[in-house]
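Report on the following structure.
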Amino acid sequence: MSIAYLNGEYLPLAEARISPLDRGFLFGDGIYEVIPYYNGQSVGLMPHIERMINGLAAIEIKSTLTADDWKTLLDDLIARNSEVGENLGVYVHVSRGADVKRLHAYPENVEPTIFAFAFKIKDPEPADRTQAHQYSMITTEDLRWQRCHIKSTALLGNVIHYQEGHAAGADEAMLFNAKGELTEGSSTNVFIVKDGVVVTPIQDNQILPGITRRIVLDSLKADGSIPVEERIVTMDEVRAADEVWITSSSKEIAPVTKLDGKPVGNGEVGEVWEKAFKIYTAAKFDA
Ligand code: PDD
């Protein structure tokens with residue numbers, strides 16, 4: 001049984017309870033993170049914690065926990081869940097807390113609700129293009145809000161887009177803005193490869209500042225053997241790409257070989273993916 005953390009206590013996940021007046025429940029008023037641990041070693045723990053602290057500040061949720069307090073809490077939760085699996089993800093969620101009434105305005109003197117639990121994640125994929133799991137995507141206009149850089153628990157916009165992909169038999173939905181420019185996936189960042197160059201959209205309010213995205217960019221730049229660019233990417237470029245990848249804490253770098261039912265490039269997992277995934281894998285625990 002997974003052990004959860006709720007407001008200072010560790011308890012079996014199935015016993016965790018919050019008030020229905022919690023603003024996370026009523027308004028999706030909160031911030032969350034998902035952090036992977038492989039055999040007890042985290043990937044991007046401090047960048048995840050920093051992103052959460054920034055998100056909490058952006059929506060004025062006051063938490064007294066420092067980055068080191070978060071690290072201790074999450075490492076402790078992982079240690080308590082060692083029986084659940086070798087490879088674990090931690091979901092951590094801070095909502096504004098429960099008021100005594102439902103009012104849109106931020107209440108004063110309400111304690112944030114802090115909730116975290118660990119769950120089993122897949123073993124990392126082998127960095128071998130002949131064995132990699134191949135992903136399929138549909139494309140659809142990004143109809144979420146204009147603050148996608150905040151990792152809000154209000155995920156209905158993302159959920160609707162993910163479901164569009166799921167209902168069409170695809171693994172994920174790729175989103176584009178009104179100008180026909182790529183933003184991101186419903187739960188992933190997107191990269192393309194053209195003529196050996198790796199390209200991903202710039203970091204702005206249209207996309208989540210993905211930690212995996214950051215580790216991919218930093219490790220490829222440090223390695224230097226594959227050129228990388230952060231810039232506007234049009235959907236025409238996406239459709240003409242040799243390779244498409246999606247990244248997230250749970251998928252790492254995942255190759256997409258089918259887009260709207262058509263093959264990406266030659267329809268096989270690309271050579272640049274294999275090379276980049278090896279570079280990422282060698283760097284990920286240092287992030
Ligand atoms: N999803 N973009 C969106 C909209 C996301 O929800 C996520 C993560 C990412 C990738 O971010 P990162 O590399 O930091 O995981 C990009 C998480 C895993 C989720 O909601 O389950």
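The values are calculated or read from the model by the stated rules, or taken from the named source; none is laboratory data. Only a predicted model underlies this, so the values are computations on that prediction, with no experimental measurement involved. As a convention, Cβ positions derive from the backbone with ideal geometry for all residues, glycine included, and neighbour counts pool all protein chains shown. In case anyone asks, the SASA skips ligands and DNA or RNA and just uses the protein heavy atoms, side chains included. Shrake-Rupley method; radii C 1.70, N 1.55, O 1.52, S 1.80 Å.
A few remarks follow.
- Restricting attention to the range 39-63, the residues that are touching a residue at least 12 places away in the same chain (Cβ under 8 Å), out of contact with any helix residue (DSSP H, G or I) (no Cβ under 8 Å at 6 or more places or on another chain) and not in a loop (DSSP other than H, G, I, E, B) add up to 3.
- Scope the range 175-196; condition over 13 Å from the mean Cα position of the chain (by Cα), within 13 Å of the ligand (Cβ to nearest atom) and either farther than 26 Å from Phe27 by Cα or in the same structural domain as Val92 (by TED's automatic domain parsing) (or both); matching residues: Leu182, Phe191
- Answer residue from the range 83-105, given it is open to solvent by 80 Å² or more (accessible area, probe 1.4 Å) and in contact (Cβ under 8 Å) with a residue 24 or more places away in the chain and is nearest to Gln41 (Cα to Cα) among those: Glu86
- When Pro209, Pro255, Pro227 are checked against the criterion of being in contact with a helix residue (DSSP H, G or I) (Cβ under 6 Å, 6 or more places away or on another chain) and in contact (Cβ under 8 Å) with a residue 12 or more places away in the chain, a single residue qualifies: Pro255.
- Residue check for Leu143: without any contact (Cβ under 8 Å) to a residue 40 or more places away in the chain, of a type outside the set (S, T, N, Q), open to solvent by 70 Å² or more (accessible area, probe 1.4 Å) and within 16 Å of the ligand (Cβ to nearest atom): yes
- Per the conditions (1) out of contact with any helix residue (DSSP H, G or I) (no Cβ under 8 Å at 6 or more places or on another chain); (2) within 16 Å of the ligand (Cβ to nearest atom); (3) in a helix (DSSP H, G or I), the sole criterion not satisfied by Gly89 is (3).
- Residue within the range 78-89 that is farther than 25 Å from Thr188 by Cα, outside the structural domain of Leu156 (by TED's automatic domain parsing), basic (Lys, Arg) and in contact with a Phe, Trp or Tyr (Cβ under 8 Å, 6 or more places away or on another chain) present: yes
- Scanning the range 148-194 for residues that are touching a residue at least 60 places away in the same chain (Cβ under 8 Å) and open to solvent by 60 Å² or more (accessible area, probe 1.4 Å) gives His149, Leu156, Ser187.
- Answer from Ala79, Ala116, Ala67 - the residue that is surrounded by 18 or more Cβ atoms within 10 Å (Cβ to Cβ) and either within 16 Å of the ligand (Cβ to nearest atom) or of a type in the set (Gly, Ala, Ser) (or both): Ala116
- Flag if Ile215 is within 12 Å of the ligand (Cβ to nearest atom) and under 23 Å from Ile279 (Cβ atoms): yes
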